[in-house]
Amino acid sequence: MQKKGSKKIINKEKIDNKKNSDNSEYLKPVIKIENIVVSASLHAVIDLYELSKNVKAVTYEPEQFPGAIFKVSEPKAVIILFKNGKMICTGANNEPNIRKVLEYAAGIISKYVLEVLPAEKKTAEKKK
């Protein structure tokens, strides 16, 4: 356990060291990418009820939240999937892992497509 007085001395020493040394070592941020959030769209209407019944990794409670939660174990990530085919992927830490997760999920989700949205409907949605 430290005494309050010793803590003040340590802080004063740190301040003195900052004044006397090159400040560049204190101003350089250490960057580490830990989480990337990506939005994507399948341009299709998805049957979230059937998806959640048949795929263990998917939970869907529409009374609580309108999106299904798809947990992917490798690479570790979570996808929030909405009925309109829009997805939010989070948890991956680099682009190759994001692509793996989205391609894997799209392969599974494709079995539960109710309707593929036509091209003109896709562009109309973007204008809104």
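The values are calculated or read from the model by the stated rules, or taken from the named source; none is laboratory data. All of these numbers come straight from a predicted model, not from anything done at the bench. Counting neighbours? That spans all protein chains shown, and the Cβs are built from the backbone with ideal geometry, glycine included.
Structure above, values below:
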quantity: Failed criterion for Ile80 (all others in (1) surrounded by fewer than 16 Cβ atoms within 10 Å (Cβ to Cβ); (2) part of a strand (DSSP E or B); (3) at pLDDT 95 or above hold); calculated: (1)
quantity: Those residues of segment 51-70 which are assigned to a helix (DSSP H, G or I) and either in contact with a strand residue (DSSP E or B) (Cβ under 9 Å, 6 or more places away or on another chain) or surrounded by 20 or more Cβ atoms within 10 Å (Cβ to Cβ) (or both), in sequence order; calculated: Leu51, Ser52
quantity: Of all residues making up segment 67-76, the number that are at pLDDT 95 or above and of a type outside the set (Val, Ile, Thr); calculated: 4
quantity: Of all residues in segment 33-50 being in a strand (DSSP E or B) and over 16 Å from the mean Cα position of the chain (by Cα), the one that is surrounded by the most Cβ atoms within 10 Å (Cβ to Cβ); calculated: Ile46
quantity: Whichever residue in segment 83-102 is in a loop (DSSP other than H, G, I, E, B), at negative phi and not hydrophobic (A, V, I, L, M, F, W, C) and, among such residues, is surrounded by the most Cβ atoms within 10 Å (Cβ to Cβ); calculated: Lys83
